[in-house]
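Taken together, the values in this text are just the output of simple stated rules run on the coordinates, not laboratory data. Please read all numbers here as calculations on a predicted model, not as lab measurements. Every residue, glycine as well, gets a Cβ built from its backbone with ideal geometry; the counts of neighbours run over all protein chains shown.
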Amino acid sequence: MDIYEANRKAWNNEASLGNFWTLMVKDEQIRKAREGNPEIWVTPFKAVPLTWISDLKGQEVLLACSGGGQQTPILAAYGANVTTLDISDSQISQDRAALEKYGLKATLVRANVLEMPFEDNSFKAVIMPQAMNFIDDLEKLYTEVKRVLRSGGVFIFGTANPILYTFDERIQDRKLKVRYTIPFSHSKSLSEKALASRLSENDTLEFSHTLDSILGLLTLKGFAITGFYTDSAGSEPTDSFVHDSHLAVRAVLA
């Protein structure tokens, strides 16, 4: 199964459906960024602290899996030298439209984050909003991020708390029912029939990972965690039970 191609099609579909991560930035957000107060998100609801990104003006920044017309124009308006990589044609197109609308510049690349077409030590920061759960191989992801970052560079990302993937997603908006074990994988945890149905509907393929593979492996790769916060799910059944539905991490490469 080609996970990359399946999720490329899925995110093209999500863009057509108006997923939160595909909606273009608003005028007010660009104005604030130009005035020195950029607000970007790596989890659904809480903005990244300004202290995490305030030193990125004039720096080479890679936005990984970050198309959609949001983070790219905001950081470009702030003054960062932005390169954005995404698998989705539609997400890249949304970035291009936002840049044109606001008279901004950034480099847009459609590619697989596990095979990034960049030289070693190219970036001061890599920022990846809530995309880790669409990637099956964190070992390879972290290796690539480490390769393209300069020494002392920053890796900022958001991811779902693995516990969310234990629940039956078909009824999760009404009640929580534990159905799966962790690590969850759409390619391995579903029946062949359910997986085929998901692929036919251009749905995303997702992977829960574990806290050890998300945080432990990160430190083994030479990153020091220097910032952390959590975010809600935006769903009453989930938020009443899981208070830390999404995780945001800032890590520095030694």
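Things worth noting here:
- Cut-off under 5 Å, modelled amide H: who pairs with His209 long-range: Phe184
- Note, ³J(HN,Hα) from phi for segment 44-53, Karplus 6.51, -1.76, 1.60, rounded to Hz, x at Gly and Pro: x, 10, 8, 6, 4, x, 4, 5, 6, 10
- Mean-position separation - Cα centroids, segment 30-46 and segment 149-219, in angstrom: 26 Å
- Radius 14 Å from Cβ of Asp55, net charge of other residues (Lys, Arg +1; Asp, Glu -1): +3
- Taking a Cβ cut-off of under 15 Å around Pro183, the surrounding Lys, Arg, Asp and Glu residues balance to a net charge of -3, with basic ones at +1 and acidic ones at -1.
- Computed over the chain: relative contact order in percent, which uses C-alpha pairs under 8 Å that are six or more apart: 19 percent
- Cβ-derived FRET efficiency at R0 35 Å, Met24 paired with Glu139, nearest 0.05: 0.55
- Under 29 Å from the Cα of Lys101 - lysines, other chains or at least 8 residues apart: Lys9, Lys26, Lys32, Lys46, Lys57, Lys124
- Using a simple spin-label model with pseudo-atoms 7 Å out from Cα toward Cβ, Ser187 and Lys32 lie 3.8 nm apart.
- Other residues within the sphere of radius under 10 Å centred on the Cβ of Phe223, judged by their own Cβ, net out at +3 (K and R +1, D and E -1).
- DSSP loop trypsin sites (Lys or Arg not before Pro) with at most 16 other Cβ within 10 Å excluded, longest remaining stretch of the chain: 180-254
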